[in-house]
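Beneath this line is the structure, given in structure tokens, with notes to follow.
Please treat every number below as a calculation from the coordinates, not as lab data. Predicted model only: the values in this text are computed from it and were never measured. Cβ: placed from backbone, ideal geometry, glycine included. Neighbour counts: every protein chain shown.
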Amino acid sequence: MSRPKSARATKPAKAAKPAKVGKPAKVGRPAAGRATGGRPGVFVQKPKSDIYVALLAIALGSILIGSLLLVLKLREYEFKMTAAALELPALAAI
């Protein structure tokens, strides 16, 4: 599932700075490479965290706490998983 992008998430691109007087312009390297710190490629804005990321964090915390409590409870029984035989009392005649 994808969420629609909000109108404020898209910003207009900044115009390239004009070359300084007295220095020749660099030919062969696009201006976008310099704008991103010298890294080649397209600059993509990092997505912001939203409520769903917070819910994932809460779910992860709940799973970890539940697992810890399960281990602590199993330590009381020394991790024995066998059940004792259950003896049913004789049923009284109806």
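Structure above, values below:
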| item | result |
| --- | --- |
| Neighbour cut-off at most 15 other Cβ (10 Å), DSSP loop, trypsin sites (Lys or Arg not before Pro), the stretch 51-94 | LYS80 |
| Qualifying GluC sites (Glu not before Pro) in the stretch 56-94, DSSP loop, other Cβ atoms within 10 Å at most 16 | GLU78, GLU87 |
| The stretch 41-54 - phi-based ³J(HN,Hα) in whole Hz, Karplus 6.51/-1.76/1.60, Gly and Pro as x | x, 9, 7, 10, 5, 5, x, 8, 6, 10, 5, 5, 5, 5 |
| Karplus-derived 3J(HN,Hα), 6.51/-1.76/1.60, for each residue of the stretch 58-74, Hz, glycine and proline x | 5, 5, 4, x, 5, 5, 5, 5, x, 5, 5, 5, 5, 5, 5, 5, 5 |
